[in-house]
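Chemist: One structure, as structure tokens, below. Some questions next.
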Amino acid sequence: MFEPGTLPRVFAVPPGADFPKFLVNGLHRRFEGQPPDALARVQLVVNTRRMARRVRDLFDQGPACLLPRLSLLTDLGESADLAQVPPAIPPLRRRLELTQLIGKLLDQQPDLAARSSLFDLSDSLAALIDEMQGEGVSPDAIRQLDVSDMSGHWARAQAFIGIADQFMDSGAGAMDAQARQRRVIENLIARWQVSPPTHPIILAGSTGSRGTTLMLMQAVARLPQGALVLPGYDFDQPEHVWRNLDDALSSEDHPQYRFRKLMLGLGLNPDQILPWMPDQAPSPSRNKLISLALRPAPVTDAWMTEGPHLPVLNGATKDVTLIEASSPRAEALAIALRLRQAAETGQTAALITPDRMLTRQVSAALDRWNILPDDSAGLPLQLSPPGRFLRHVAGLFARRLDGEALLTLLKHPLCHDGGDRGIHLLHSRDLELDLRRHGPPFPDNTSLTAFAIRAEAPEAWVHWVTESFCDKHSPGEQSLSDWVSRLRTLAETISAGATGETGTLWDKNAGQKALAVITALEDEAHHGGTMTAHDFADLLGALLAGEEIRDRDAPHPHLMIWGTLEARVQGADLLILGGLNEGSWPEAAAPDPWLNRQMRNAAGLLLPERRIGLSAHDFQQAVGAPEVVLTRAIRSDDAETVPSRWVNRLTNLLQGLPEQGGTDALAAMRARGRQWLDWAETLEQAPRIDAAHRPSPRPPVSARPRRLSVTEIKRLIRDPYAIYARHVLRLKPLDSLVQAPDALLRGIVIHEVMEHFVRDSVLDSSLLSRDNFLKRAEALLMDHVAWPTARKLWLARLERITDSFLSAEIQRRSDGGPVAFEVGMNIALAPLDFTIAGRADRIDRSGQGALRIIDYKTGTPPTESQQAKFDKQLLIEAAIAEQGGIDGFDPLPVAQAIFIGMGGTYKEVPAPLQKEPADKVLAELKELISAYLEPDQGYSSRRMLHKDTDIGDYDHLARFGEWDRSAETQPEDLR
């Protein structure tokens, strides 16, 4: 196939070319006129399975021929006589072993790192070991580094890196995948040196970014019938620029650096790398422009000398569009519109971006037109239904069961899908309403049994719920094998449901992938040692996050979404390069907790800029396509973004070449992008909807309430709309499923504490002591408050005010004492046919026979002025008492009514009984109630709230926010 020569044989394909198509066409061209079996003797080695599939598809498209022997880099050398190398250790086993060793190290030296970073450290150290094996770097090379200026950090790092020694020197029977691949390649190269193959071997598509691959490429290029075919080689780059790429520390981030490293290893000059095909790139003039724009930083002065020699730039950029959107949403919508146009015209188009959030936004935008792109990345397994389900089940072991966790699983589509799922959802809805109304915050067997009695739920279903969800919290350590076994058993039980039929947890693509992860974890669990439930949940989440699934629905045949890796082996008429901002493309280099750049370079490891250089090469290849759209968002998350360095270089170069039409070309690129943004804005325009008016509904008098509680009078004065919503519309706020130790619960508990303490001390005054009060408070807090932190905080507050309360209580006892607790009261307002009802926290009787009404407040008690105008609770209760409306009491005078504040400080605020006598209070109350029994009186929203920041239960129903307190109410007659 190849003529004999003295130099290694290296070919290349220019940027922008469809590499697999060029590769196949070049093979056809070279074997024209030869026997049919000649091509079958060629061994074609590619670097990814995607490229292998694409090459095979191109051969299948014709003309008819015998196919070459197609293999992957990872399969090379796996022939029978080279298979003596034992199989590689599964990566999961290594990770579990590393986790155990690092965990023991952190237990011995807690100051090295936080325990929460255990899995991140394990992953990072595993990546370092993988890199050392792939690059052929020994542990000795790391230990011998010069660290004179960083001894403190190096001592800590060495404690971890020392763990890698035993894995690097673990012998032939326990090699990692990278170590085994390097051993296989070394064996293969040694065999070739003794007996080189006579058939053609072509290694195509690799840039040699890893040490093992580079070693193999150099060996193939030196074979008698071996050759390399490089992708995206810059034939326009001058000789002096190639020479400036020799230093890795300054040139690793250049797109052509890896080719320069290959040349140096093979002893080749840039002009000795030959074109694989005589065909030109889609846009040679654009390739020249991009080559100049991407020159390494030390020689960007070439823009001044070489820029004026570029041809007229309109031709190079006429098929390039630059979209600079105001936000990621606008960027995604503009991309979706361009893809939709491609779908309508039959043009093959692909979005290339490493930004997965952008791809999801684009897919969502395309969904409005029922267009499903072919997304190569798919969905992370942890976000799929089985992945979420397994993570929620693992969470049952790590945390105490609360209502949110219980309902999250009960409503999951994979829960109880073995049979009778409709009935299950009905009972789940009833359980949710019950938990919202009655609690408790942490459901258990007792509360679920009580629910079953109240709701008459089937015994079998309730038994399944209690057995599957209750008492699963395991705070101690268990072996990983036990955790995995418990997870699988419980997940299958929850999926099957009360009927016992087999669920669909492991069905379909996502379920099979999740089962494979669990099975692999079961197989290697004995290497994982013991761990807590939190550690197990973190490990499971990390394993699921490392897998992806693809939807099997038939996608659109012409629209694709690729990552940068997939884009290297594909081709399309239109390429959209999205998310061109720093930190996205290129991605920011991951922090290395072990070695800095100089240490990595000295040891022979990869530099952080390697990923940037690969991204730059991906950009250079993609931007040379027949038609290109470059997109970025100017702002993201309310912050201005930084354009990708390559976009910056391109725009700066064009702006600096006005004589070649650079400024006009850039303006045209932006104008084409502006057109798509304008269309996106037009698409987003919605018909204007007038803001809601401040409501003041006037329902029929017959529908208006005829009974209110004493505490609701304040609400009627301040926010009448809340009375309308609750009593006319009969809407009750739905309690939050996630219960918390809020002010309402605190008020209930403090009232309970005060009632029990004061009631017991009436008969035995010796109980009126600090110790007894705090002991009673602690016991009731333990019974009613399920949150340990809240119990301690609330008890501490009570401790601060105990002395003040007891002092005041002893003084009150000197003039009478308590006679009733939580006593009911009501009064009929004649002739209005209206009843006011209420309940007094406590009633005392003085030595003269008069009553003292006491109400406990855990918040700030209302002032006397507020009581006179708004918060009339005590004033109305006093008036009711004097009218004989208290259950079990004759009409008696009220000497005092006080609010006792039990908040952060002890405070007493008396009601202004002298200024607001009972007759006046009742007269004003009748006047207020009679006003709301008039047909023309509306229930205005937020009429006289204390503060604008006060939030009402029905503000959303009143559309508050579309109006404010300055808006006039608009009464509305209801029928």
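The values are calculated or read from the model by the stated rules, or taken from the named source; none is laboratory data. Here the structure is a predicted model, which means the values were calculated and not measured. Reconstructed Cβ throughout: ideal geometry from the backbone, glycine too, with neighbour counts over all protein chains shown.
Chemist: Pull out all pairs, ordered by first then second residue, where Cβ-Cβ is under 6 Å, the residues are six or more apart or on different chains, the first lies in the range 6-27 and is farther than 14 Å from Thr207 by Cβ and among the charged types (D, E, K, R), and the second is at pLDDT 90 or above and assigned to a strand (DSSP E or B).
Modeler: Filtered contacts from the range 6-27: Arg9/Ala227.
Chemist: Being under 22 Å from Ser283 (Cα atoms) and buried (at least 23 other Cβ atoms within 10 Å of the Cβ) is the filter here; which residues of the range 621-643 pass it? Reasoning before the result, please.
Modeler: To start, the set of residues in the range 621-643 that are under 22 Å from Ser283 (Cα atoms) comprises 621-631.
Gln621, Ala622, Val623, Gly624, Ala625, Val628, Val629, Leu630, Thr631, listed by residue number.
Chemist: Still on this structure: Residue under question is Val629, and the condition is that it be at pLDDT 95 or above, closer than 25 Å to Ala349 by Cα and outside any loop (DSSP other than H, G, I, E, B); does it hold?
Modeler: Values: at pLDDT 95 or above: yes; closer than 25 Å to Ala349 by Cα: yes; outside any loop (DSSP other than H, G, I, E, B): yes.
Yes: the conditions hold for Val629.
Chemist: Anything in the range 795-840 that is outside any helix (DSSP H, G or I) and under 13 Å from Ile854 (Cα atoms)? List them, or say none. Walk me through how you get there before you give the answer.
Modeler: Start the filter on the range 795-840 by keeping residues that are outside any helix (DSSP H, G or I), which leaves 814-840.
The answer is Gly817, Pro818, Val819, Ala820, Phe821, Glu822, Val823, Arg839, Ala840.
Chemist: Another question, if that's okay. Could we say that Glu962 is among the charged types (D, E, K, R), farther than 16 Å from Val728 by Cβ and in the same structural domain as Val728 (by TED's automatic domain parsing) here?
Modeler: Values: among the charged types (D, E, K, R): yes; farther than 16 Å from Val728 by Cβ: yes; in the same structural domain as Val728 (by TED's automatic domain parsing): no.
Answer is no for this residue.
Chemist: In a helix (DSSP H, G or I), modelled with pLDDT under 80 and touching a Lys or Arg at 6+ places or on another chain (Cβ under 8 Å): which single residue out of Gly134, Gly152, Gly173 fits that description? Can you show your working first?
Modeler: On the way: Gly152 fails: touching a Lys or Arg at 6+ places or on another chain (Cβ under 8 Å); Gly173 fails: touching a Lys or Arg at 6+ places or on another chain (Cβ under 8 Å).
Testing whether each residue is in a helix (DSSP H, G or I), modelled with pLDDT under 80 and touching a Lys or Arg at 6+ places or on another chain (Cβ under 8 Å) leaves just Gly134.
Chemist: Out of Ala510, Ala514, Ala589, which single residue is outside the structural domain of Ala248 (by TED's automatic domain parsing), hydrophobic (A, V, I, L, M, F, W, C), farther than 24 Å from Gln100 by Cβ and surrounded by fewer than 17 Cβ atoms within 10 Å (Cβ to Cβ)?
Modeler: On the way: Ala510 fails: surrounded by fewer than 17 Cβ atoms within 10 Å (Cβ to Cβ); Ala514 fails: surrounded by fewer than 17 Cβ atoms within 10 Å (Cβ to Cβ).
After ruling out the rest, the residue left standing is Ala589.
Chemist: Something else: Look at Glu467 and say whether it is acidic (Asp, Glu), surrounded by fewer than 16 Cβ atoms within 10 Å (Cβ to Cβ) and assigned to a helix (DSSP H, G or I).
Modeler: Numbers: acidic (Asp, Glu): yes; surrounded by fewer than 16 Cβ atoms within 10 Å (Cβ to Cβ): yes; assigned to a helix (DSSP H, G or I): yes.
So Glu467 passes the test.
Chemist: Looking at the range 753-769, I want the residues that are in the same structural domain as Glu809 (by TED's automatic domain parsing) and have a partner that is among the hydroxyl-bearing types (Ser, Thr, Tyr) and buried (at least 16 other Cβ atoms within 10 Å of the Cβ) with Cβ atoms under 8 Å, at least 6 apart or on another chain. Which pairs are those?
Modeler: As it stands, the answer is Met754/Tyr856; Leu767/Ser761; Leu768/Ser761, since those pairs meet every condition given.
Chemist: Sort out which residues of the range 245-264 are of a type in the set (S, T, N, Q) and either farther than 19 Å from Arg597 by Cβ or outside the structural domain of Ala221 (by TED's automatic domain parsing) (or both), and write them in order of number. Show your work before the answer.
Modeler: Going residue by residue through the range 245-264, those that are of a type in the set (S, T, N, Q) are 250-251, 256.
Scanning the range 245-264 gives a single hit, Gln256.
Chemist: Does Ser941 meet the test of being among the small types (Gly, Ala, Ser) and assigned to a helix (DSSP H, G or I)? Walk me through it before giving the result.
Modeler: Numbers: among the small types (Gly, Ala, Ser): yes; assigned to a helix (DSSP H, G or I): no.
So Ser941 does not fit the description; no.
Chemist: Quick check on my filter: what residues within the range 546-580 are more than 17 Å from Leu339 (Cα to Cα), surrounded by 24 or more Cβ atoms within 10 Å (Cβ to Cβ) and either at pLDDT 85 or above or hydroxyl-bearing (Ser, Thr, Tyr) (or both)?
Modeler: Within the range 546-580, just Leu580 meets the criteria.
Chemist: Return yes when Val894 is in the same structural domain as Ala725 (by TED's automatic domain parsing), of a type outside the set (D, E, K, R) and within 54 Å of the chain's Cα centre (by Cα) and no when it is not. Walk me through how you get there before you give the answer.
Modeler: Working: in the same structural domain as Ala725 (by TED's automatic domain parsing): yes; of a type outside the set (D, E, K, R): yes; within 54 Å of the chain's Cα centre (by Cα): no.
Judged against the criteria, Val894 is not a match.
Chemist: Something else about it: When the range 28-69 is examined, which residues are found to be part of a helix (DSSP H, G or I) and free of Cβ contacts under 8 Å to residues at least 12 places away in the same chain? Walk me through it before giving the result.
Modeler: Initially, the range 28-69 is screened for residues part of a helix (DSSP H, G or I), giving 28-30, 36-40, 49-60.
Within the range 28-69, Arg53, Asp57, Asp60 meet the criteria.
Chemist: Tell me the residue from Ile748, Ile713, Ile723, Ile689 that is free of Cβ contacts under 8 Å to residues at least 24 places away in the same chain and aliphatic (A, V, I, L, M), please.
Modeler: Numbers: Ile748 fails: free of Cβ contacts under 8 Å to residues at least 24 places away in the same chain; Ile713 fails: free of Cβ contacts under 8 Å to residues at least 24 places away in the same chain; Ile723 fails: free of Cβ contacts under 8 Å to residues at least 24 places away in the same chain.
One residue alone meets the criteria, Ile689.
Chemist: Name the residues in the range 678-722 that are hydrophobic (A, V, I, L, M, F, W, C), surrounded by 20 or more Cβ atoms within 10 Å (Cβ to Cβ) and touching an Asp or Glu at 6+ places or on another chain (Cβ under 8 Å), would you?
Modeler: Once the filter is applied, which keeps residues that are hydrophobic (A, V, I, L, M, F, W, C), surrounded by 20 or more Cβ atoms within 10 Å (Cβ to Cβ) and touching an Asp or Glu at 6+ places or on another chain (Cβ under 8 Å), the range 678-722 yields Val710, Ala722.
Chemist: Scan the range 259-281 for residues that are part of a helix (DSSP H, G or I), more than 12 Å from Ala12 (Cβ to Cβ) and either without any contact (Cβ under 8 Å) to a residue 60 or more places away in the chain or of a type in the set (Lys, Arg) (or both) and jot them down. Steps first, answer last, please.
Modeler: Within the range 259-281, the first condition is being part of a helix (DSSP H, G or I), and the residues that meet it are 259-266, 270-272.
When the remaining residues are screened for being more than 12 Å from Ala12 (Cβ to Cβ), the result is 260-261, 264-266.
Result: Arg260, Lys261, Leu264, Gly265.
Chemist: Take Gly673 and tell me if it is on the phi > 0 side of the Ramachandran plot and either in contact (Cβ under 8 Å) with a residue 12 or more places away in the chain or surrounded by 15 or more Cβ atoms within 10 Å (Cβ to Cβ) (or both). Step through it out loud before you land on a result.
Modeler: Details: on the phi > 0 side of the Ramachandran plot: no; either in contact (Cβ under 8 Å) with a residue 12 or more places away in the chain or surrounded by 15 or more Cβ atoms within 10 Å (Cβ to Cβ) (or both): yes.
Criteria not met by Gly673.
Chemist: Among the residues of the range 739-794 satisfying the criterion of being touching a Ser or Thr at 6+ places or on another chain (Cβ under 6 Å) and assigned to a helix (DSSP H, G or I), which is surrounded by the most Cβ atoms within 10 Å (Cβ to Cβ)? Break it down into steps so the answer makes sense when it comes.
Modeler: Here is the first cut: in the range 739-794, the residues touching a Ser or Thr at 6+ places or on another chain (Cβ under 6 Å) are 746-747, 750, 767-768, 770, 773.
If we keep only those that are assigned to a helix (DSSP H, G or I) as well, we get 746-747, 750, 767, 770, 773.
Values: Arg746: 21, Gly747: 15, Ile750: 21, Leu767: 16, Arg770: 12, Phe773: 23.
Once the filter is applied, the top-ranked residue is Phe773.
Chemist: All but one of (1) assigned to a helix (DSSP H, G or I); (2) more than 30 Å from Val194 (Cα to Cα) hold for Phe235; which doesn't?
Modeler: Going through (1) assigned to a helix (DSSP H, G or I); (2) more than 30 Å from Val194 (Cα to Cα) one by one, Phe235 breaks only (1).
Chemist: Looking at Ala725, is it surrounded by 20 or more Cβ atoms within 10 Å (Cβ to Cβ), part of a helix (DSSP H, G or I) and not assigned by TED's automatic domain parsing to the domain that holds Ile876? Please lay out each step first, then the result.
Modeler: Working: surrounded by 20 or more Cβ atoms within 10 Å (Cβ to Cβ): yes; part of a helix (DSSP H, G or I): yes; not assigned by TED's automatic domain parsing to the domain that holds Ile876: no.
So Ala725 fails the test.
Chemist: Condition check: aromatic (Phe, Trp, Tyr), assigned to a loop (DSSP other than H, G, I, E, B) and in the same structural domain as Ser709 (by TED's automatic domain parsing). Does Phe899 satisfy that? Quick ask: steps written out before the conclusion?
Modeler: Numbers: aromatic (Phe, Trp, Tyr): yes; assigned to a loop (DSSP other than H, G, I, E, B): no; in the same structural domain as Ser709 (by TED's automatic domain parsing): yes.
Judged against the criteria, Phe899 is not a match.
Chemist: For the range 284-382, which helices (runs of 4 or more DSSP H) that fit wholly inside it have 1 or more residues that are crowded, with 18+ Cβ neighbours inside 10 Å and in contact with a strand residue (DSSP E or B) (Cβ under 8 Å, 6 or more places away or on another chain)? If you could, list the steps in order and put the result at the bottom.
Modeler: Details: elements: 284-293, 302-306, 313-317, 328-345, 356-367.
Hits in the range 284-382: 284-293, 328-345, 356-367.
Chemist: Report the residue count in the range 941-975 for those that are farther than 15 Å from Pro697 by Cβ and in contact with a strand residue (DSSP E or B) (Cβ under 6 Å, 6 or more places away or on another chain).
Modeler: Count: 1.
Chemist: Test each condition in (1) within 37 Å of the chain's Cα centre (by Cα); (2) in the same structural domain as Leu650 (by TED's automatic domain parsing); (3) not β-branched (Val, Ile, Thr) for Lys318 and report the one that comes out false.
Modeler: Just one mismatch for Lys318, condition (1).
Chemist: Related question: Within the range 534-584, restricting attention to residues that are among the polar types (S, T, N, Q) and under 21 Å from the mean Cα position of the chain (by Cα), which residue is farthest from Ala377 (Cα to Cα)?
Modeler: In the first step, residues of the range 534-584 are kept if they are among the polar types (S, T, N, Q); the result is 564, 570, 581, 584.
Restricting the remaining residues to those that are under 21 Å from the mean Cα position of the chain (by Cα) gives 581, 584.
Details: Asn581: 20, Ser584: 16 Å.
Among them, the one singled out is Asn581.
Chemist: Follow-up question, since we're still on this one. Got at least one residue in the range 498-508 being of a type in the set (S, T, N, Q) and either modelled with pLDDT of 90 or more or at positive phi (or both)?
Modeler: The first filter runs over the range 498-508 and keeps only residues of a type in the set (S, T, N, Q), leaving 499, 502, 504.
Of the ones still in play, those that are also either modelled with pLDDT of 90 or more or at positive phi (or both) are none.
Within the range 498-508 (the criterion being of a type in the set (S, T, N, Q) and either modelled with pLDDT of 90 or more or at positive phi (or both)), the answer is no, since none of the residues qualifies.
Chemist: Can you find even one residue in the range 214-227 that is of a type in the set (A, V, I, L, M, F, W, C), touching a strand residue (DSSP E or B) at 6+ places or on another chain (Cβ under 7 Å) and either in a strand (DSSP E or B) or at pLDDT below 90 (or both)?
Modeler: There is at least one residue in the range 214-227 that is of a type in the set (A, V, I, L, M, F, W, C), touching a strand residue (DSSP E or B) at 6+ places or on another chain (Cβ under 7 Å) and either in a strand (DSSP E or B) or at pLDDT below 90 (or both).
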